[in-house]
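> Mind looking over this structure? Questions follow.
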Amino acid sequence: MATHSTSIPAKPDLVIIGAGVVGLWCALKASRQGLSAVVVEKGRIGQGASGGILGALMPHRPSGWTDTKAFQLAALLSLETEVTHLEAATGLSCGYARCGRVMPIGSQPNLIEHARWQAGSQAAWPAASPSGTAVSWNILRDAPDPAWPALKPGSVAYSSDTLSARINPRKLLAALAAAIQPEVVIAENSEVTSIFDNAEVVLTDGTRLAPGRVVVAAGHESFGLLQPVLQRQLGWGVKGQAVLLRPRCRSFDGMPIIYHRGTYVIAHEDGMVAVGSTSQRNFTSPDVDEAVSQDLVQRAVELCPGLADADIVEQWAGVRPRAAGRDPILGTLPDASRIIVASGGFKITLGIAHRMADAALAFATGAPSELPDGFAVQQHALATV
Ligand SMILES: Cc1cc2nc3c(=O)[nH]c(=O)nc-3n(C[C@H](O)[C@H](O)[C@H](O)COP(=O)(O)OP(=O)(O)OC[C@H]3O[C@@H](n4cnc5c(N)ncnc54)[C@H](O)[C@@H]3O)c2cc1C
């Protein structure tokens, strides 16, 4: 239910703009630290990119190791425990499973590349996850299941890792929202129209909030919100589409994610299979394009013929935040240290949002945090949009 703006505390420790996965993790971490927080959401919870259907949690390629890749690896490993605590606290499932991933390898040169990643994983990854599950990257001659993925003509081998996991984005958001309320006010249908250097924000109806700090977690709309303060754009939105299928012949629950040339196929715990995704920087409409959905389904059926007679349950489109530098943006504004930006995670945000929240809270409380240099606002301000 929407909170009327007159019932929003005017001077909380923290105003968090956006009830997506980043904003809600920030709110949970804030409430655990005893801070008063208000989440201001212009629509409803999960209205942005986080309210989608895919939920792949896949590691970066383990070669050319960087501190950004190390940040993501640590986040993927710690998410398992975070989700366990969240589910225990709320009694709600997030649809999380460390299901692993399989990638068909189409040629000998690709095989050499995958072998390099396998070697990289041995150097960079731990042997086991915090819960004790083995973590490894393997090259397989045959597909692990003849139907998932189908043995593709021309495939020379398969890469398989046991680090990748899946989560149900909507269930995650529901659990986060349940965990923070009523301590944290989530003001839905309340849009922030302006942010000032001193962290004050103004809502559409003229309400002014004067928090100690403001966290801008408004997804791709963070960039437009911050433009007047920074006098420059820190990133842009990239449209993507996905389709949710209900297979008729059998359940694929427990099967690994399949990833092949930008196509993901993800079996969820409720028997649904999500298929994605596309990337479109220039788009005229953020809505679903049916032709794009059909193409996604066709690509999924080529990988998994068992999906051929599946029913389409939902077609979905969203706009991801893509920061100007390649990394997410995490930090305070150079000349307005009470404004904290936590956005731009692009295609990996669901797996790192809890760690983005830890960092945002460290900025808010003055606690130390070690982040890759590329995350700093200044780095993104230097990059070309
Ligand atoms: C098709 C597709 C597939 C994807 N698949 C995956 C995947 O498998 N794995 C993965 O990790 N990531 C995936 N992503 C990326 C991921 O969904 C996003 O990066 C992530 O959800 C961004 O979260 P966020 O909280 O930063 O932004 P959002 O979820 O967009 O949340 C921002 C919120 O801020 C609100 N808001 C905006 N402006 C204002 C304002 N002025 N005042 C108040 N509220 C405001 C919006 O309404 C929105 O609810 C996918 C994205 C797409 C589009």
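> FRET efficiency for Ser194 and Ala383, Cβ-Cβ distance as r, R0 = 22 Å, nearest 0.05?
Result of the calculation: an efficiency of 0.30.
> Report the full-extension gain for the segment Arg281 to Asp205: residue separation times 0.36 nm, less the Cα-Cα distance, to one decimal in nm.
24.2 nm
> Okay, moving on. Enumerate the amide H contacts of Val39 below 5 Å, restricted to partners 5 or more residues apart or on another chain; note that Pro and chain-start residues carry no placed amide H.
HN-HN under 5 Å from Val39: Ile16, Val185, Ile186, Ala187.
> Right, here's the next one. Mark the label point 7 Å from the Cα of Ser337 along Cα→Cβ and return the residues of segment 363-385 whose backbone N is within less than 12 Å of it.
363-367
> What FRET efficiency do you get for Arg116 and Asp253 if R0 is 25 Å and r is their Cβ-Cβ distance, rounded to the nearest 0.05?
Given R0 = 25 Å and the Cβ-Cβ separation, E is 0.20.
> If you place +1 on the Cβ of every Lys and Arg, -1 on the Cβ of every Asp and Glu, and leave all else neutral, what size is the dipole of segment 263-384 about its Cα centre, to the nearest 20 Debye?
So the dipole magnitude of segment 263-384 works out to roughly 620 debye.
> If you restrict to DSSP beta bridges whose two residues both lie in the chain, what percentage is antiparallel, to the nearest 5?
Roughly 75 percent of the beta bridges in the chain run antiparallel, per DSSP.
> Moving to a separate point now. Would you mind working out the magnitude of the charge dipole of the chain relative to its Cα centre, with +1 at each Lys and Arg C-beta and -1 at each Asp and Glu C-beta, to the nearest 20 Debye?
Working: 31 positive and 33 negative charges, 104 e Å.
That gives the chain a dipole magnitude of about 500 debye.
> Further question: Report the one residue of Gln298, Leu330, Val288 whose Cα lies farthest in the direction of the positive end of the charge dipole of segment 288-333 (charges on C-beta: Lys and Arg +1, Asp and Glu -1; origin at the Cα centre).
Leu330
> Then there is this: Could you give each residue of segment 193-203 its phi-based ³J(HN,Hα) in whole Hz, using Karplus coefficients 6.51, -1.76, 1.60 with θ = phi - 60°, and x for Gly or Pro?
9, 9, 10, 10, 3, 8, 6, 5, 10, 10, 8
> Given the DSSP H assignment, sum -39500 (n - 2.57) over each helix run of at least 4 residues in the chain and divide by its residue total; what's the result at 222 nm in deg cm²/dmol, nearest 500? Intermediate results must be reported in sequence, preceding the final value.
Numbers: 8 runs with 112 residues, N = 385.
When only DSSP H runs of four or more count, the value is -9500 deg cm²/dmol.
> In addition: Please compute the modelled spin-label separation between Arg32 and Asp373, points set 7 Å along Cα→Cβ, answer in nm with one decimal.
Taking the two extended label points, one gets 3.0 nm.
> Residue by residue through segment 250-265, what is 3J(HN,Hα) from phi via Karplus (6.51 cos²θ - 1.76 cosθ + 1.60, θ = phi - 60°)? Round to whole Hz and write x for glycine and proline.
6, 8, 9, 3, x, 6, x, 5, 9, 10, 8, 6, x, 9, 10, 10
> Let me spell out the model: positive unit charges on the Cβ of Lys and Arg, negative unit charges on the Cβ of Asp and Glu, origin at the Cα centre of segment 202-332. What dipole size does that give, in debye rounded to 20?
About 660 debye.
> Under 5 Å between amide hydrogens, which residues at least 5 positions from Gly331 or on another chain qualify, with H placed 1.01 Å from N in the peptide plane?
Val341
> Right, something else. Based on the mean of other Cβ atoms within 10 Å per residue, sort peptides 121-131, 297-307, 281-291 so the most packed one is first.
Most protected by this proxy first, the peptides run 297-307, 121-131, 281-291.
> Picking from Gly262, His220, Leu79, whose Cα lies most toward the positive end of the charge dipole for the chain (charges on Cβ: Lys, Arg +1; Asp, Glu -1)?
So the residue we want is Gly262.
> Based on the Cα atoms of the chain, what semi-axes does the equivalent ellipsoid have, where each is the square root of 5 times one gyration tensor eigenvalue, given in whole Å with the largest first?
Value: 36, 22, 20 Å, ordered largest first.
Any read-out appearing in this document is the output of simple, stated calculations on the displayed coordinates, not a laboratory observation. Model, not experiment: these values are computed from the prediction. With ideal geometry, Cβ positions are generated from the backbone for all residues, glycine too; neighbour counts draw on all protein chains shown.
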